[in-house]
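The values are calculated or read from the model by the stated rules, or taken from the named source; none is laboratory data. Just so you know, these numbers come straight off a predicted model, no measurement behind them. Ideal geometry is used to build each Cβ from the backbone, glycine not excepted, and the neighbour counts take in all protein chains shown. In case anyone asks, the SASA skips ligands and DNA or RNA and just uses the protein heavy atoms, side chains included. Shrake-Rupley method; radii C 1.70, N 1.55, O 1.52, S 1.80 Å.
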Amino acid sequence: MRIEKFNSYKEMSEFVGDLFASQLLLKPDSVLGLATGSTPIGAYEHLVKLYNEGKVDFSKCTTFNLDEYYPIKQDNPQSYYYFMNEHLFSKVNVNKANLHIPNGSAPDAEAECKAYDELIDKMGGIDLQLLGIGENGHIGFNEPASSLDPGTHLTGLTESTIAANARFFDSADDVPRHALTMGVGSILKAKRIVIAINGEKKLDAFNKLIEGKVDTMSPATVLNLHSNVIVAFSN
Ligand code: GLP
């Protein structure tokens, strides 16, 4: 695990954005694992800037997002589908046919999850996976629990995640109680992972992660099982 500490959110975001840009330079048809939440926004802004300067080309890449609320409609401004369009997809030259986000309105969640994992495998796996982290150490929507699911699955959100994510909704009552998320096994299959961590509120989760022990009650710690992880931290 490589730990990179930055003095500002901006510097961290540029570092993370540059990792994705160089991944695409080296392998234009990369499979990218993408994340939502407020933390990756700066990295996406940096990528959009690089794209506008002609320094990065998204036309051949494929993307898989980590998670989506369930149920939620794609046109709901709080959906992760909407988020990705707003912050990245509508601003760069991605091929829309190559973009994948778990479908928050799929009638059969289990079938949706199974098909999602199969498609990631069929595309050759994720080359570079971006992660954020919840205050309770969750990655994607893999919440603290006595055991963690390996594959993409339907999950319930903890009260603390509902409270943390309420800032994006009119009220906590409007936060969906469930989500579809890649499992820790799906995440660990990525060839390379970068986890972006910003702010004092995440300090506890960051410290647990870099302690080196695996604890399912702080899900990000499973990254200690992976041999190619970069932890990008700014406070
Ligand atoms: C949500 C997402 C996570 C994200 C987390 C932290 O719960 N499912 O993928 O890492 O929020 O978000 P933020 O970066 O806004 O703190």
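Summary of values
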quantity: All positions within the range 13-30 that are in contact (Cβ under 8 Å) with a residue 60 or more places away in the chain, of a type in the set (A, V, I, L, M) and open to solvent by 50 Å² or more (accessible area, probe 1.4 Å); calculated: none
quantity: Sole exception among (1) within 15 Å of the ligand (Cβ to nearest atom); (2) open to solvent by less than 40 Å² (accessible area, probe 1.4 Å) for TYR81, by number; calculated: (2)
quantity: Index of the failed condition, LEU130 passing every other in (1) modelled with pLDDT of 95 or more; (2) within 13 Å of the ligand (Cβ to nearest atom); (3) under 23 Å from SER105 (Cα atoms); calculated: (3)
quantity: GLY156 among the small types (Gly, Ala, Ser) and at positive phi; calculated: no
quantity: The range 199-220 residues that are among the hydroxyl-bearing types (Ser, Thr, Tyr), paired with ones that are part of a loop (DSSP other than H, G, I, E, B) and open to solvent by 60 Å² or more (accessible area, probe 1.4 Å) (beta carbon under 9 Å, 6 or more apart); calculated: THR216/SER146; THR216/SER147
quantity: Which numbered condition ASN85 misses (of (1) out of contact with any helix residue (DSSP H, G or I) (no Cβ under 8 Å at 6 or more places or on another chain); (2) in contact (Cβ under 8 Å) with a residue 24 or more places away in the chain); calculated: (2)
quantity: Qualifying residues in the range 43-62 (those that are without any contact (Cβ under 8 Å) to a residue 60 or more places away in the chain and crowded, with 22+ Cβ neighbours inside 10 Å) - the one nearest to the ligand (Cβ to nearest atom); calculated: TYR44
quantity: Residue within the range 115-132 that is open to solvent by less than 30 Å² (accessible area, probe 1.4 Å), of a type in the set (Phe, Trp, Tyr) and in contact with a His (Cβ under 9 Å, 6 or more places away or on another chain) present; calculated: yes
quantity: So LYS10, is it within 16 Å of the ligand (Cβ to nearest atom) and open to solvent by 10 Å² or more (accessible area, probe 1.4 Å); calculated: yes
quantity: Lone qualifier among LYS91, LYS60, LYS27, LYS5 - being within 22 Å of LEU188 (Cα to Cα) and out of contact with any Cys (no Cβ under 8 Å at 6 or more places or on another chain); calculated: LYS27
quantity: Residue match in the range 86-95 (condition: in contact with a Ser or Thr (Cβ under 6 Å, 6 or more places away or on another chain), open to solvent by less than 20 Å² (accessible area, probe 1.4 Å) and modelled with pLDDT of 95 or more); calculated: no
quantity: Condition check for ASN224: more than 9 Å from the ligand (Cβ to nearest atom), open to solvent by 30 Å² or more (accessible area, probe 1.4 Å), under 30 Å from PRO28 (Cα atoms) and part of a helix (DSSP H, G or I); calculated: yes
